[in-house]
Protein chains: 2
Amino acid sequence: MNRLRIGVIGAGGIGGAHLRAYAAWPELCEIVAVADINFAVAQTKASRYHAAAFDDPRIMLDRCRLDAVSICTPPKWHLPVALEVAERGIACLCEKPPARTLAETEAIVAAFERSGAILQFAFCHRFHEPVRQMQELIEAGKLGRIVQIYNRFGFRFDRAATSWFTDPEVAGGGVLIDTLVHSLDIFRMLAGEIERLEAAVSTTLPISVEDTASIQVVSRSGVIGSLHCSWVTPVSEAEIRVWGTEGEAIVDYASSDGACYRLAGESDWTVLSARAPDRFVLQTAHFLSCVRHRQPPRVGTADGLAVMRAVEAAYRSASRK
Amino acid sequence: MNRLRIGVIGAGGIGGAHLRAYAAWPELCEIVAVADINFAVAQTKASRYHAAAFDDPRIMLDRCRLDAVSICTPPKWHLPVALEVAERGIACLCEKPPARTLAETEAIVAAFERSGAILQFAFCHRFHEPVRQMQELIEAGKLGRIVQIYNRFGFRFDRAATSWFTDPEVAGGGVLIDTLVHSLDIFRMLAGEIERLEAAVSTTLPISVEDTASIQVVSRSGVIGSLHCSWVTPVSEAEIRVWGTEGEAIVDYASSDGACYRLAGESDWTVLSARAPDRFVLQTAHFLSCVRHRQPPRVGTADGLAVMRAVEAAYRSASRK
């Protein structure tokens, strides 16, 4: 079996995570090339994997006979880069958010539908083992009928004011599109399609986008979710809680354990163990498998479109007074 | 100093809590009379405190020369009973929710304004020592600028289907008006006046009112809150969390400790001790002091009106799709 030839476009923090995840599967793929608008950054990352470095992804795509790429650029460049990838029939793992807007996301999806190449959006939490365990508890009916969900991704983003993350032209928005986009995807994974949502945002830092956001969301099946995120709260927290009529479950990202739960009548928590590889490594394995076997990814284009529809609804809601 | 002469109207669960709280201050007051539509219940409770029992509160009010009463009936009877109390110029501690509707609450407040007698709404969590500690942490600026608040009151209410709590004619609604009314008051205490809110509700039990509710609320100062409650989740939980730009704080009602907090850069929680009497006892002490000194209570008529305005806005919001 030939190993898949991989390129990574965008060699910043998340590009590094993708490279590390591909490198975890040497029998399945080889990292051939890394592209970044900052050539020195591309070279540094590429040299670690004995790969070629490029400052123009089009040249990389033309020269390297790639089977698959990851797009890890800031959102502004997702659409133009994705169009180049799709045009060449190369499979694509595209970082979140899918793009700056629903319209850009639709254009990306349409290009891959035309090309027939595989497109997976990188909602990595779908591959976080404790979240998957939580989903299994729900699907097995252990928690009864799910009624409420809470999720928080909070941390301190001290570089915010000087980062592209807070340039709406580059990022498409602030913490809502960057971080709550994960929460919306996790809510859809656990509770099903979104029926209704309302958002509230605030800005404490000297930036032009929101640095704190909450969304209240209701699924078609009637599950109510409260999703929080902030770039200005100092203590890092990433947590999901689910309540059902027969029990509750928690995923705490700070723990090395899996999901924990307790059922009606129990005072103690049952703690599941989690020995699976991390979410980036599992996400990459799924992508490589889909490319190899030409199968649709389980986090597909419909998920990207649904989440971006929710993101835009959230921004509309937050701007109403 | 003469002891204040006290009557309690409504001798169910919460009436018992008021009687116990008055009995904690024997130097300040004496329990003179207990009224309940069920005379046997009134007698049982009255006999514990060597008080007289009545099945008609008007006869009790006319005969017993009371200085103050607690109204602990179901909400349907708050307005008619309060009008009788106000007319006789007797001070009143009125249980939550203030009444079934904002209009009924306004009528109660107007009657006490006409009479000049003191009216305190029994939002007992204002007197819960850990909540007061949390408020002090916020007011002292220890947590920085507050950006988000989370609150959950969840438990299993197995008797729901056969209880007056789920008869909208008697209770005015379901878990939202019964339990989330506390959360709205706590949010106002910690974050200030409410600017905007959206609610979502669901019903799992065979009842005609909501048994699960969430409210997303924003204060005038921009603090975003997520308030949850449910009668159908099996594990009892009562918790408040506050996040600011310099730290976070938690009140867990299951703990015998006070509030705990951690600031930027700290990995450990600082746990405050709480040795004060319980919230019902402290609430009663405040009420007795206000009656004695003819001072306005710190949980006043404006708080009752503001919370009922929020409750009605929440029901309107929940009924929109």
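The values are calculated or read from the model by the stated rules, or taken from the named source; none is laboratory data. Keep in mind that this is a model prediction, so the values were computed, not measured. We place every Cβ from the backbone using ideal geometry, glycine too, and count neighbours over all the protein chains shown. We work out accessible area using only protein heavy atoms, side chains counted, and drop any ligands, DNA or RNA first. Shrake-Rupley method; radii C 1.70, N 1.55, O 1.52, S 1.80 Å.
Tabulated data
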item: For the stretch A:168-262: relative contact order, % (alpha-carbon pairs under 8 angstrom, 6 or more apart); result: 21 percent
item: Å³ per residue enclosed by the Cα convex hull of chain B; result: 137 Å³
item: Accessible area per residue in Å² at 1.4 Å probe, computed on the stretch A:101-186; result: 34 Å²
item: For A:SER267, inter-copy label distances in nm, listed shortest first [label point 7 Å out on the Cα-Cβ vector]; result: 3.1
item: Distant-in-sequence amide H partners of B:GLU210 (H built 1.01 Å from N, under 5 Å); result: B:GLY174, B:VAL175
item: Beta bridge orientation in chain B: antiparallel %, DSSP, nearest 5; result: 55 percent
item: Label-point separation in nm, B:SER255 to A:GLU169, each point 7 Å along Cα→Cβ; result: 4.7 nm
item: Accessible area per residue, Å², the stretch A:248-320 with all protein chains present, probe 1.4 Å; result: 49 Å²
item: Whole-angstrom gap from the stretch A:245-321 to the stretch B:2-51, using each part's C-alpha centre; result: 53 Å
item: For B:VAL147, distant residues with modelled amide H under 5 Å away; result: B:TRP243, B:GLY244, B:THR245
item: Per-residue mean of C-beta atoms belonging to partner chains within 10 Å, peptide A:191-199; result: 2
item: Estimated vicinal HN-Hα couplings, Hz - the stretch A:32-47 in sequence order (Karplus 6.51, -1.76, 1.60; Gly, Pro = x); result: 9, 8, 10, 10, 8, 4, 9, 4, 4, 5, 4, 4, 4, 5, 5, 5
item: Residue with peak Gaussian network fluctuation, chain B [Cα springs, cutoff 10 Å], from B:ALA310, B:ALA51, B:ALA254; result: B:ALA254
item: Accessible area (Å², 1.4 Å probe, nearest 10) - A:THR73; result: 20 Å²
item: Residues in the stretch B:132-176 occluded by at least 20 Å² - accessible area, probe radius 1.4 Å, against chain by itself; result: B:ARG145, B:VAL147, B:GLN148, B:TYR150, B:ARG152, B:ARG156
item: Computed E for B:ALA110/B:ASP158 - FRET, C-beta separation, R0 41 angstrom, nearest 0.05; result: 0.60
item: Rotationally averaged projected area of the protein assembly as shown (alpha carbon convex hull; nm²); result: 29.7 nm²
item: Spatial extent of the stretch B:129-262: Rg and Dmax, with the Cα atoms as the point set, Å; result: 15.6, 47
item: Per DSSP, loop GluC sites (Glu not before Pro) in the stretch A:148-220 with at most 15 further Cβ within 10 Å; result: A:GLU193
item: Peptide A:259-272, shielding by other chains (average Cβ, 10 Å cutoff); result: 1
item: Fraction of accessible area attributable to carbon and sulfur, the protein assembly as shown (%, probe 1.4 Å); result: 50 percent
item: Position B:GLU113, label points 7 Å along Cα→Cβ, spacing to each other copy in nm (shortest first, one decimal); result: 6.1
item: Inter-copy separations for A:ARG48, label at 7 Å along Cα-Cβ, nm, ascending; result: 6.7
item: Inter-label distance, nm, simple model (7 Å from Cα along the C-beta direction), B:ILE59/A:ILE59; result: 10.0 nm
item: Kirkwood Rh (inverse of mean 1/r, distinct Cα pairs), the stretch B:14-173, angstrom; result: 17.7 Å
item: Estimated buried accessible area (total), pair B and A, 1.4 Å, Å² to nearest 100; result: 3500 Å²
item: Proximal aspartates and glutamates to B:LYS76, defined as alpha-carbon separation beneath 13 angstrom and excluding residues fewer than eight positions away on the same chain; result: B:GLU95, B:GLU104, B:ASP167, B:GLU169, B:ASP178
item: Interchain or long-range residues, amide H under 5 Å from B:LEU4's placed H; result: B:CYS29, B:GLU30
item: Listed residues A:VAL235, A:VAL223, A:VAL209, most fluctuating in chain A (Gaussian network, C-alpha, under 10 Å); result: A:VAL235
item: Area of A:TYR253 that stays accessible when all protein chains are in place (1.4 Å probe, Å², to 10); result: 40 Å²
item: Highest average packing first - B:180-190, B:298-308, Cβ atoms within 10 Å; result: B:180-190, B:298-308
item: Karplus (6.51, -1.76, 1.60) ³J(HN,Hα), θ = phi - 60°, over the stretch B:304-314, in Hz, Gly and Pro reported as x; result: x, 5, 5, 5, 5, 4, 5, 4, 5, 4, 5
